[in-house]
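What follows is a single structure, written as structure tokens, with notes after it.
Where a number appears in this text, it was derived from the coordinates with a stated rule and is not lab data. In this text the structure is predicted, and so the values were computed from the model without any measurement. Here Cβ is always computed from backbone atoms with ideal geometry, including for glycine, and neighbour counts include all displayed protein chains.
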Amino acid sequence: MFLPVLFIFFTFFNWFSSGTIVSDEYQTYKSSTEKCEKITIDMCSDIPYNLTIYPNLLKHTNQEEAETDIKQYEMLVKVKCSEDFKFFLCTLFTPVCTIMERPLPPCRQLCLSAKHGCEDLLRKFGYEWPMIFDCDTFPNNNNLCVGENRTSTQPANNSKDAASRNRLISKPELECPHTMKIVSKSRYSLTVANNTIEQCSLPCQGNGFVPTFFNMQIRNYLRLWTGAWAVACCLCTLFTILTFLIDLHRFEFPERAILYLALCHLCVSIVYMIGLGAEDSLSCSAVSATKSALVTQGVDNFACTAMAVTHYYFTTAGYIWWVILCFAWVFVTTLKWGEGPVGHVFSSYFHIFAWGIPCLLTIAMLVLNNIDGDVFTGVCSVGNLKPSVLFNFVVLPQIICVVGGFVLFIIGFISILRIRSYIKGFYVLPYYMQSQSELGLFALYYKLNIWNTGLLVGIPLDVYMPNEAHLASPKIEDCVHFQQKVWVP
């Protein structure tokens with residue numbers, strides 16, 4: 001997943017770059033009011049020269065105007081995307097003062113060196129190198145210009161002094177930006193770069209900012225795609241349930257487990273259909289200090305909580321019923337139990353196991369406040385903003401159920417092959433042939449179900465792994481600091 005807070009920085013970046021253009025005629029740029037003055041902008045206080053001249057190449061008339069605009073690029077300087085980017089900025093915003101009658105521009109090679117590295121970072125978020133930094137507008141090194149800085153601007157110190165200086169410039173404690181700060185009294189938290197920020201959540205739309213993860217077109221497509229499959233799943237499971245209810249007493253275990261599987265998937269599909277219709281009203285019901293929509297967390301919204309409980313409970317129960325289905329099938333095919341005895345002996349235990357374990361996990365989920373909204377589907381579920389919760393409560397139980405069911409399925413399938421080889425060559429009654437055909441179709445259903453469950457396990461696992469990497473990235477921490485500085489109430 002992407003670095004959510006860094007999007008806000010690039011929006012300011014793009015706004016400024018689109019509103020200011022470097023003059024193509026800086027070679028003839030003159031002003032009768034030009035004069036040297038000492039550099040007071042903090043970012044440029046340690047460059048090799050300390051005198052500047054205004055107006056500069058960006059048409060700022062004083063250092064106050066230049067400092068306001070140069071701060072928009074402070075985070076690119078801090079993440080050190082290029083070793084020359086800071087010096088390049090200063091040559092534009094605080095040009096060196098010389099005996100010439102015009103500001104001295106940076107060389108094209110200096111611009112290209114600054115562009116290398118920083119341009120790739122911009123493109124990751126959908127932005128191009130801004131027009132005000134167009135390297136083609138700057139002269140080559142053989143002309144009069146400011147070249148690359150390859151000298152140290154700080155005196156050499158011993159390791160103890162360097163360590164002390166590093167401690168002094170260490171980053172302050174992370175605080176939630178106002179655009180992401182929750183006004184609700186309910187407990188919210190957001191983990192960024194392995195630091196937990198209280199009363200904070202991710203933006204859903206951004207109200208003019210770049211949206212969290214992907215663009216709106218892709219997110220709308222994902223929501224419609226999920227909703228379409230939810231409708232298809234709802235129709236299929238309804239047909240299955242009605243088929244069982246016509247003559248329920250006819251079906252015993254293992255067939256009856258399919259009824260409960262269908263019931264679980266029906267409830268889950270209804271949740272996704274509700275998410276499709278509700279759009280962001282449930283998953284993004286939280287409001288920030290700037291009145292922008294944020295991802296819902298915890299039990300702040302009753303409808304969101306009910307949706308998350310339903311989704312998690314029946315999803316987990318569906319996986320357990322899959323294990324029970326394979327378990328009962330092994331007793332019938334391998335241990336030669338009849339369908340009636342399996343249901344008579346184990347039916348109560350099956351229900352306690354299948355409905356009880358999801359109930360305990362759901363209670364733990366509520367107590368630990370692990371509910372949050374999903375900006376892609378519009379539903380509320382578990383672990384969308386907490387990768388560790390997603391792994392422990394969703395991915396790990398699903399892996400256990402899929403692997404356990406697969407082992408039982410293989411045992412039962414081998415038993416069927418042995419039975420078929422044993423009766424080969426003997427006269428088989430038509431009824432028995434029909435039973436074998438139905439059993440073969442039943443085995444085929446097992447294979448398809450294993451493939452589906454394996455795919456469903458892969459989806460949250462695929463979400464977990466990049467989420468963990470992105471939310472632990474040090475660059476996100478820098479961007480949260482930047483968001484605190486650029487926000488204007």
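Residue ranges 305-313, 234-242 sort as 305-313, 234-242 when ordered by packing (mean number of other C-beta atoms within 10 Å per residue, highest first). Among the trypsin sites (Lys or Arg not before Pro) in region 62-111, those placed in a DSSP loop whose Cβ has at most 12 other Cβ atoms within 10 Å are 80. Among the trypsin sites (Lys or Arg not before Pro) within region 239-337, those in coil by DSSP and having at most 11 neighbouring Cβ atoms inside 10 Å are 291, 336. Panel order for 415, 201, by other beta carbons found within 10 Å of each beta carbon, from fewest to most: 415, 201. A straight chain from residue 238 to residue 407 at 0.36 nm per residue would run longer than the Cα-Cα distance by 57.9 nm.
Amide H to amide H, with H built 1.01 Å from N, residue 41 comes under 5 Å of no residue 5 or more places away or on another chain.
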